[in-house]
Amino acid sequence: MTKTFKIAAATSLLLACACTAQASEPYVGLGVGAFNLGSGVTKKAVAGGYLQLGDDFSEYLGGEVRIGTTGKSGEELTLQPRMKIEYYGAAYLKPKYQFNDQWMGYALLGIATLRSSYSETGLAVQKKTRTGYAYGLGVQYRLADEYSIGLEYSHMLSKPKTNATAIKTNFQGLEASSLSLSAKYHF
């Protein structure tokens, strides 16, 4: 037992030293893009945006939290269903690789909660909150020490299990994929 404790303590100390080798680099940013909302029956594209708060706390790993929303699909006086993400929150681990001084590639692995709504003409608006996995891939270009821009694909939650009849009275929530551009300020 003491040998295991010594190995764990030495490993923790080594990781702590490795993480402090690079200074923490917190950032804040805004992202906008096209979100593809899926209800399990249909998919619709809408515009959306998010606020991101993150920290690149080591050379190869960072973390990020996002909050965002989307516009509504469909038009009010048509037979098309209307879907919207009222809000979402996501927390990611961010494995990353620095190609050179300007370019960085990264992955996002985490969890997201979406509050979504669904309505059809003549039926009441239904709302549902779901939590599940989230992932993505992106690239970032450093414009200056404090500023960067990025392009990213991300996905939140699995496809809801429903059909065209059941969704009218028993909405199961949405899944969302997005292609977005972001701008960040690094402290």
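The values are calculated or read from the model by the stated rules, or taken from the named source; none is laboratory data. Remember, predicted model here, so these are calculated numbers, not experimental data. Note that we place each Cβ from the backbone using ideal geometry, even for glycine, and neighbour counts take in every protein chain shown. Remember, those area values only see protein heavy atoms, side chains included, never the ligands or the DNA or RNA. Shrake-Rupley method; radii C 1.70, N 1.55, O 1.52, S 1.80 Å.
A few points about this structure:
- All of Ala10, Ala21 fail the test of being open to solvent by less than 70 Å² (accessible area, probe 1.4 Å) and modelled with pLDDT under 75, apart from Ala10.
- The single condition among (1) at pLDDT below 95; (2) in contact with a strand residue (DSSP E or B) (Cβ under 6 Å, 6 or more places away or on another chain); (3) open to solvent by less than 90 Å² (accessible area, probe 1.4 Å) that Lys43 does not satisfy is (3).
- Among residues of the stretch 135-147 that are over 23 Å from Ser177 (Cβ atoms), those with a beta-carbon under 6 Å from a residue that is part of a loop (DSSP other than H, G, I, E, B) at least six positions away or on a different chain give the pairs Arg142/Gln102.
- In the stretch 150-161, the residues that are farther than 15 Å from Gly68 by Cα reach residues that are open to solvent by 10 Å² or more (accessible area, probe 1.4 Å) and of a type in the set (Val, Ile, Thr) with C-beta atoms within less than 7 angstrom, at least six apart or across chains, in these pairs: Gly150/Val139; Leu151/Val139.
- Some residue of the stretch 170-184 being over 27 Å from Lys44 (Cβ atoms) and at pLDDT 95 or above: yes
- Candidate set: the stretch 77-122, residues that are in contact with a Ser or Thr (Cβ under 8 Å, 6 or more places away or on another chain) and in a loop (DSSP other than H, G, I, E, B); chosen: the one most open to solvent (accessible area, probe 1.4 Å): Leu77
- Members of the stretch 49-76 that are in a loop (DSSP other than H, G, I, E, B), open to solvent by 60 Å² or more (accessible area, probe 1.4 Å) and not basic (Lys, Arg): Phe57, Glu59, Tyr60, Glu75, Glu76
- Number of residues in the stretch 133-156 that are over 16 Å from Leu93 (Cα atoms), open to solvent by 40 Å² or more (accessible area, probe 1.4 Å) and not hydrophobic (A, V, I, L, M, F, W, C) equals 5.
- Filtered residues of the stretch 118-151 (kept if hydroxyl-bearing (Ser, Thr, Tyr) and modelled with pLDDT under 95): Tyr118, Ser119, Thr121
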